[in-house]
Amino acid sequence: MKKDQLKNFVEVADCGSINKAAEKLYISQPSLSRSIHALEEEMGRKLFIRSNRGITLTPTGNRLYYYARSILNQFRVLERLKKLENEQIYSKLSISVNSIFLHDDMILEFYKRASSAETEIHFIETTAEEVLQNVVQLRSEIGITILNDLQLGVFSKMAEIKEIEVMVMDRKPLYVHVNEKIPLQDSRFVDAEELIEYPYIHLPKDFFSDLNQSLTINKTLLSDFKKMITMSNYHAIINMINHAQAFLLGNQWQIDELRHSNIRSLRFKNCDIMENFVIIKRKREILSSAAEIFLDILKKEYGFM
């Protein structure tokens, strides 16, 4: 069974006619008929039913058709590979992320810039604790997380023990993301006490989030927010903020994505809690070209250059 035989067979099936297929393939009708007959001989079964209205596939021909299409597609991939440099053949990006909704077009931009014949993307949204573990255990090449100063101190010590490099890219105040319909006294700042009665959306708990229980926002403990909803799905969080008058404690790097969903992002009154944009990777390890491309996109997107 040869590639040309499969190509001829698929073309005849698509055209429903030997004559039409021969014209498209630029070969004679007798040559095409001999090619189809040889394939039928090799298969040991008829592949086409011939009638006055043309030709149609037999059950065997129908099954062979889908296999043949798949095989020919693989041949096309192989032809592309011959024209690519080694680094363009395969690209794998593995990232773990916590507490930030990355801009939607970043992954698309990565795919365009990777220009690989095959691109594999592992994008894990999880807790800060698991972001660290995923990088340590080689499940992710890089990790991205948002940590306040208290969390960052503990996180950095744990990362040092595990031979993980911690890069703080930026530092901004704590924000709260709220439903536009929640009545607030100020359009720019909010007092933590004003939110006590509303549901508080909490990302999945871990060791680092537990450290926050002792933090206060203008004399209001985080543990004072009793109506709590735990969830991690980005779209579900947006839906809950918009329809359940819930709020999310967050950061400045989430604002752009949430603004598109008519969600207000405000600073707290009398609050000195600062959030850090952190990237981690394994020490003494050279990043792959895929990771380098993604980090370049991320730094430009968030102005970290």
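What follows is calculated from the coordinates using simple rules that are stated; it is not laboratory data. In this text the structure is predicted, and so the values were computed from the model without any measurement. Quick reminder, even Gly has a Cβ in these numbers, built from the backbone with ideal geometry, and neighbours come from all protein chains shown.
For the range 3-83, what does the relative contact order come out to in percent, with C-alpha contacts under 8 Å and a separation of six or more?
30
Here are some values of Kirkwood radius over Cα pairs in Å: (i) 19.9; (ii) 20.8; (iii) 23.8. Which one was computed from this structure?
(iii)
Calculate the FRET efficiency for Leu287 and Ile255 from the Cβ-Cβ distance with a Förster distance of 35 Å, rounded to the nearest 0.05.
Calculated transfer efficiency: 0.80.
Shape verdict for the range 172-274, please, from the Cα gyration tensor: rounded (a/c under 1.5), prolate (a/b greater than b/c) or oblate. Spell out each step's value before the answer.
Details: a/c = 1.37, a/b = 1.11, b/c = 1.23.
Because its axes are fairly even, with a/c under 1.5, the range 172-274 counts as rounded.
Between Lys299 and Leu108, take the C-beta separation as r, use R0 = 22 Å, and let me know the FRET efficiency to the nearest 0.05.
Working: r = 17 Å, r/R0 = 0.78.
Here the calculated transfer efficiency is 0.80.
Rounded to the nearest 20 Debye, what is the dipole magnitude of the range 216-273 about its Cα centre when Lys and Arg each give +1 and Asp and Glu each give -1 at the C-beta? Before the final figure, lay out the partial values.
Values: 7 positive and 4 negative charges, 48 e Å.
For this selection, approximately 240 debye.
Considering only the chain, what is the antiparallel percent among its DSSP beta bridges, to the nearest 5?
Working: 31 of 50 bridges.
Around 60 percent antiparallel, to the nearest 5.
Within 10 Å, at most 15 other Cβ atoms, and a DSSP state outside H, G, I, E, B define an exposed site. Report the longest part of the chain free of exposed chymotrypsin sites (Phe, Trp or Tyr not before Pro). Don't jump to the answer; show the numbers that get you there.
Numbers: sites that count: Tyr26, Phe304.
It runs 27-303.
For the range 105-228, calculate the relative contact order in percent as a whole number, restricting contacts to Cα pairs under 8 Å that are 6 or more residues apart. Present the calculation step by step, with values, prior to reporting the outcome.
Details: 70 pairs, mean separation 30.2, N = 124.
Averaging sequence separation for qualifying contacts and normalising by length gives 24 percent for the range 105-228.
Number of Lys pairs in the range 3-83 with C-alpha atoms less than 18 angstrom apart, excluding same-chain neighbours closer than eight positions? Please report the intermediate quantities before stating the final value.
Values: Lys3/Lys24; Lys3/Lys82; Lys7/Lys20; Lys7/Lys24; Lys7/Lys46.
Close lysine pairs under the 18 Å cut-off: 5.
Excluding residues on the same chain fewer than 8 positions from Lys281, give the aspartates and glutamates whose Cα lies under 17 Å from its Cα.
Within reach: Glu125, Glu129, Glu130, Glu141, Glu160, Glu163, Glu165, Asp170, Glu292, Asp296.
Greater than 30 Å separation of Cα atoms is the criterion. Which listed pairs, Lys181/Lys300; Lys205/Lys269; Lys181/Lys299; Lys162/Lys205; Lys227/Lys300; Lys162/Lys219, meet it? All intermediate terms of the calculation are to be shown ahead of the outcome.
Details: Lys181/Lys300 34 Å; Lys205/Lys269 26 Å; Lys181/Lys299 34 Å; Lys162/Lys205 22 Å; Lys227/Lys300 38 Å; Lys162/Lys219 36 Å.
Long pairs (Cα-Cα over 30 Å): Lys181/Lys300; Lys181/Lys299; Lys227/Lys300; Lys162/Lys219.
PRE reach from Val154 (point 7 Å along Cα→Cβ): which of the range 273-290 fall under 18 Å by backbone N?
In the range 273-290, the label zone of Val154 (backbone N under 18 Å from the point 7 Å along Cα→Cβ) covers 273-278.
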